[in-house]
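The values are calculated or read from the model by the stated rules, or taken from the named source; none is laboratory data. The structure displayed is predicted, hence computed values, not measured ones. For neighbour counting, all protein chains shown are included, and Cβ atoms are generated from backbone atoms with ideal geometry for every residue, glycine included.
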Amino acid sequence: MFVVTGATGNVGRHVVRELAEAGAEVCALTRNPETARLPSGVRAARTEDLPFEGATALFLNPAVVWNGADALLRRATEQGVRRIVLLSSSAALDPGPGNPIGTHHRDLELAIEALGVEWTFVRPGAFAVNALQWADEIKSGDVVHGPYAECQTAPIHEADMGEVAARALLGDDLVGQAPVLTGPESLAFAEQARIVGEAIGRPLRYEELPREVVREGMIKGFATPEIADALLDVFAAGVGRPAEISAETERITGHPGRTFAQWAADHKADFS
């Protein structure tokens, strides 16, 4: 049996779908099993119940264990889990002071390595789904606000991350590997806003805000000052600099990575 944490999240739902389509037995962990919309045959359970009995492999979303993974990992291995596929981050390549996101993910990777289980660390860069932060603005107008309009990233579709993770769970080819994943093209934030506009059928304009204004909003919302500074430093470094494109997505899945335009088309309803 495969256990999937964050099973109704952006990536987890694709992992669940891929496993279910492969005929695997899946236990999907979520905060609200009663409202989870899952494929036929998939069992839903509460994350906090840690139902690992009979499980052999685990997909771990780090958001589920941001405040500590010890209890979950201990329970999983005690109950027989022998393979862990972690949704990590390319930021783990450069952990240390000034990079709390990379440090968190690398620490979690090291904790999994220390268990002596089979592991794969899926290391995506920028998520295409981050563009959903613009949804409220787009629903009410034609201007998107954010930092560093010319910062370039290579946003990856969450379906590609889910497909890679499922392959790592189902087969042996990726054991002991930590593939860095990106989308197939480098795009500035302003270009991403334009592409969303094309998908929904009206022009959108990206308006750059001063760093301190963005930082204040991030801290009021979801980020600590350290995380806000780290993200903004990354964005500043990406201004006018094409993002590196990884070949790993296509190598592992056997098809080119989904474009940002495809992602925008898939998410039209989220901006309406």
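Restricting the first member to segment 227-240 and to residues that are under 13 Å from ALA188 (Cβ atoms), and the second to residues that are at pLDDT 95 or above and surrounded by fewer than 19 Cβ atoms within 10 Å (Cβ to Cβ), the beta-carbon pairs closer than 6 Å and six or more apart or on different chains are VAL239/GLU150; GLY240/GLU150.
Among the residues making up segment 200-227, those that are closer than 21 Å to ILE101 by Cβ and over 21 Å from the mean Cα position of the chain (by Cα) are ARG211, GLU212, VAL214, ARG215, GLU216, GLY217, LYS220, PRO225.
Here's the yes/no breakdown for (1) modelled with pLDDT of 90 or more; (2) in contact with a strand residue (DSSP E or B) (Cβ under 7 Å, 6 or more places away or on another chain); (3) surrounded by 14 or more Cβ atoms within 10 Å (Cβ to Cβ); (4) of a type in the set (Asp, Glu):
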residue: MET1; (1), (2), (3), (4): yes, yes, yes, no
residue: THR8; (1), (2), (3), (4): yes, yes, yes, no
residue: GLY12; (1), (2), (3), (4): yes, yes, yes, no
residue: GLU18; (1), (2), (3), (4): yes, no, yes, yes
residue: ASN32; (1), (2), (3), (4): no, no, no, no
residue: PHE52; (1), (2), (3), (4): yes, yes, yes, no
residue: LEU60; (1), (2), (3), (4): yes, yes, yes, no
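Take segment 191-229 and flag every residue that is hydrophobic (A, V, I, L, M, F, W, C) and assigned to a helix (DSSP H, G or I). Matches in segment 191-229: ALA193, ILE195, VAL196, ALA199, ILE200, VAL213, VAL214, MET218, ILE219, ILE227, ALA228. Note on segment 237-260: residues that are part of a helix (DSSP H, G or I) and surrounded by fewer than 16 Cβ atoms within 10 Å (Cβ to Cβ) amount to 3.
Among the residues of segment 104-130, the ones that are part of a helix (DSSP H, G or I) and farther than 22 Å from LEU58 by Cα come to 3 in all.
In segment 3-29, the qualifying residues are those that are β-branched (Val, Ile, Thr) and part of a strand (DSSP E or B), and the one that is nearest to the chain's Cα centre (by Cα) is VAL4. The residue that is surrounded by the fewest Cβ atoms within 10 Å (Cβ to Cβ), among those in segment 166-224 that are out of contact with any helix residue (DSSP H, G or I) (no Cβ under 9 Å at 6 or more places or on another chain), under 21 Å from ILE245 (Cβ atoms) and in contact (Cβ under 8 Å) with a residue 40 or more places away in the chain, is SER186.
Take segment 77-97 and flag every residue that is within 22 Å of the chain's Cα centre (by Cα), hydrophobic (A, V, I, L, M, F, W, C) and closer than 19 Å to LEU169 by Cα.
Hits for segment 77-97 are ILE84, VAL85, LEU86, LEU87.
The selection criterion, being on the phi < 0 side of the Ramachandran plot, part of a helix (DSSP H, G or I), surrounded by fewer than 23 Cβ atoms within 10 Å (Cβ to Cβ) and in contact with a His (Cβ under 8 Å, 6 or more places away or on another chain), holds for GLU137.
Would it be correct to say that THR47 is under 19 Å from LEU115 (Cβ atoms) and polar (S, T, N, Q)? Answer is no for this residue.
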